[in-house]
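See structure below.
The values are calculated or read from the model by the stated rules, or taken from the named source; none is laboratory data. Keep in mind the model is a prediction, meaning the values are calculated, not measured. Note: ideal-geometry Cβ built from the backbone for every residue, glycine included; neighbour counts use all protein chains shown. These accessible areas exclude ligands, DNA and RNA; they are computed on the full protein's heavy atoms, side chains included. Shrake-Rupley method; radii C 1.70, N 1.55, O 1.52, S 1.80 Å.
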Amino acid sequence: MEKIQVKLKNRQSAVIVGECLNNLDKYLNGRKNFIITDKNVNEIYGERFPDSPVYIVEPGEKSKDLGVVADICRWLLDLGADRHAFITGIGGGVVCDLTGFVAAVYLRGVNFGFVATSLLAQVDAAIGGKNGVNLDGYKNIIGTFTQPEFVICDVDMLISLPEKEYVNGMAEVIKHALINDYGQFAHLEEFSIPILAKERNEMEFIVGHSARIKAGIVGNDELEQGERRKLNLGHTWGHAVEKVTSLPHGESVSLGLAFSARLSVKKGILKEEEKERILKLLADFDLPVINEADPSTVFDALVKDKKREGGSIHFVLMNGIGNVVIEPIDIEELKNFALNGN
Ligand code: NAD
Ligand code: ZN
């Protein structure tokens, strides 16, 4: 078990990797607790939840909705939850985002924690205090920065996670390694088979490393004014791909990472053989590296989506493996590269 402290100005937040759902009670310290989860997670793990009222939402993105937020707040009011109440979200990124948002706004804020149950939530969504819901098709457009007291990452719960969701989370694990951990990158190359087979030691190792990278970056820049932007690696192109293709997030990010690697080679900061290693690693984890969508449609979506800063777009590029730099790329140059590869 590994306890990672997220170093924040105003409060403490701890990510506990390798802890077990059964021990959640220990972290509640006798407080009146309310659980938010989704139907899938409740079906598999509900019996192991501590004795608390449970609100069950539909699985999936549609639950990140203001109507659902209002329903949960009504439920909390009906049950007499006051400012000393504690809320625990048990689920993937959707449940964590929703729980964090409800806890941030209910009675102007109550304490909360997570048991993160998907790989994406354990290494990414549950860490960092960003939460939010969607509005009129715009993702995460309403939200706050509010930190959970704890994030329990019970890696044994990943066993029941569907394969495609597991692989989805691997895209973020690979992203974190590319941002600042060459050792983790080399480890992923060497142990892709046992990681894909969900061997417990491997899961604990990669979740621990990956969570530590995210927690470190968040601790340096809680409100996303600088270093935290590094976490957008693969996401500028990736979000545009996601929008025009409806590919899952992890696959879109994989295509975004491949795009960023190729662009970094063109910029002379990543070696050709390093790019090949990155593409091979993504493929080893069953993630796509060849964009099947029309690049000009993706490019148009990207430009539409991004604030233009003097005719350029800020892009996270790979400065070797395990290091990144953020650089403005001229829109015309980007277009040429996206459409013609030069
Ligand atoms: P999700 O929460 O929808 O979970 C994916 C699926 O796996 C769901 O069907 C869920 O019911 C199921 N599931 C979860 N854990 C399971 C388990 N242990 N066993 C079996 N099934 C399980 O999606 P996700 O990929 O975890 O998260 C995506 C969300 O996270 C998006 O809404 C995204 O915006 C958000 N996100 C937030 C941040 C942030 O910083 N706040 C960062 C990244 C992503
Ligand atoms: Zn992502």
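This table checks each residue for (1) of a type in the set (Ser, Thr, Tyr); (2) within 16 Å of ligand 1 (Cβ to nearest atom); (3) touching a residue at least 40 places away in the same chain (Cβ under 8 Å); (4) on the phi > 0 side of the Ramachandran plot.
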position	(1), (2), (3), (4)
153	no, yes, yes, no
165	no, yes, yes, no
177	no, no, yes, no
192	yes, no, yes, no
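Does the stretch 205-225 contain any residue that is away from ligand 2 (no atom under 12 Å from the Cβ), over 22 Å from residue 146 (Cα atoms), open to solvent by 10 Å² or more (accessible area, probe 1.4 Å) and not assigned by TED's automatic domain parsing to the domain that holds residue 140? Yes, the conditions are met somewhere in the stretch 205-225. Using the structure shown, decide if residue 230 is in contact (Cβ under 8 Å) with a residue 24 or more places away in the chain, open to solvent by 20 Å² or more (accessible area, probe 1.4 Å) and over 21 Å from residue 145 (Cβ atoms). In short, no. Based on what the data block shows, is residue 140 within 15 Å of ligand 2 (Cβ to nearest atom) and either open to solvent by 20 Å² or more (accessible area, probe 1.4 Å) or not β-branched (Val, Ile, Thr) (or both)? Answer is yes for this residue. Hey, any hits in the stretch 158-176 for a residue that's among the aromatic types (Phe, Trp, Tyr), open to solvent by less than 30 Å² (accessible area, probe 1.4 Å) and more than 18 Å from residue 4 (Cβ to Cβ)? Yes, because at least one residue in the stretch 158-176 is among the aromatic types (Phe, Trp, Tyr), open to solvent by less than 30 Å² (accessible area, probe 1.4 Å) and more than 18 Å from residue 4 (Cβ to Cβ). Residues in the stretch 234-253 that are part of a helix (DSSP H, G or I), more than 9 Å from ligand 2 (Cβ to nearest atom) and within 14 Å of the chain's Cα centre (by Cα): 251 alone.
Under 9 Å by Cβ, and 6 or more places apart or on different chains, what pairs join a residue from the stretch 206-221 that is touching a residue at least 12 places away in the same chain (Cβ under 8 Å) with one that is open to solvent by 30 Å² or more (accessible area, probe 1.4 Å) and among the aromatic types (Phe, Trp, Tyr)? Listed pairs, sorted by first residue: 206/191. Taking the conditions (1) among the small types (Gly, Ala, Ser); (2) surrounded by fewer than 16 Cβ atoms within 10 Å (Cβ to Cβ); (3) modelled with pLDDT of 95 or more in turn, residue 296 satisfies each one other than (3). Checking each residue in the stretch 131-147 for being within 14 Å of residue 102 (Cα to Cα) and of a type outside the set (A, V, I, L, M, F, W, C) picks out 131, 132, 134, 140, 143, 144, 146, 147.
Limited to the stretch 226-245, what total is found for residues that are away from ligand 1 (no atom under 14 Å from the Cβ) and under 24 Å from residue 162 (Cβ atoms)? Residues meeting the conditions: 2. For residue 133, the test of being within 13 Å of the chain's Cα centre (by Cα) and among the β-branched types (Val, Ile, Thr) is failed. Considering only residues that are among the β-branched types (Val, Ile, Thr) and outside any helix (DSSP H, G or I), which ones fall in the stretch 143-173? Selection gives 144, 146, 151, 152.
Only one of (1) part of a helix (DSSP H, G or I); (2) more than 22 Å from residue 13 (Cβ to Cβ); (3) assigned by TED's automatic domain parsing to the domain that holds residue 281 fails for residue 176. Which number is that? Just one mismatch for residue 176, condition (2). For residue 196, the test of being closer than 23 Å to residue 312 by Cβ and out of contact with any helix residue (DSSP H, G or I) (no Cβ under 6 Å at 6 or more places or on another chain) is failed. Look at (1) within 18 Å of residue 18 (Cα to Cα); (2) open to solvent by 10 Å² or more (accessible area, probe 1.4 Å); (3) more than 12 Å from ligand 1 (Cβ to nearest atom) and you find that residue 125 fails only one, number (3).
Selection of first residues in the stretch 300-319 that are at pLDDT below 85 and of second residues that are small (Gly, Ala, Ser) and part of a helix (DSSP H, G or I), restricted to Cβ pairs under 8 Å at least 6 apart or on distinct chains, gives the following pairs, ordered by first then second residue: 305/240. The combined condition, being assigned to a helix (DSSP H, G or I), polar (S, T, N, Q) and at pLDDT 95 or above, is fulfilled by residue 201. Being over 15 Å from the mean Cα position of the chain (by Cα), touching a residue at least 12 places away in the same chain (Cβ under 8 Å) and more than 9 Å from ligand 1 (Cβ to nearest atom), is that true of even one residue in the stretch 112-119? Within the stretch 112-119, one or more residues are over 15 Å from the mean Cα position of the chain (by Cα), touching a residue at least 12 places away in the same chain (Cβ under 8 Å) and more than 9 Å from ligand 1 (Cβ to nearest atom).
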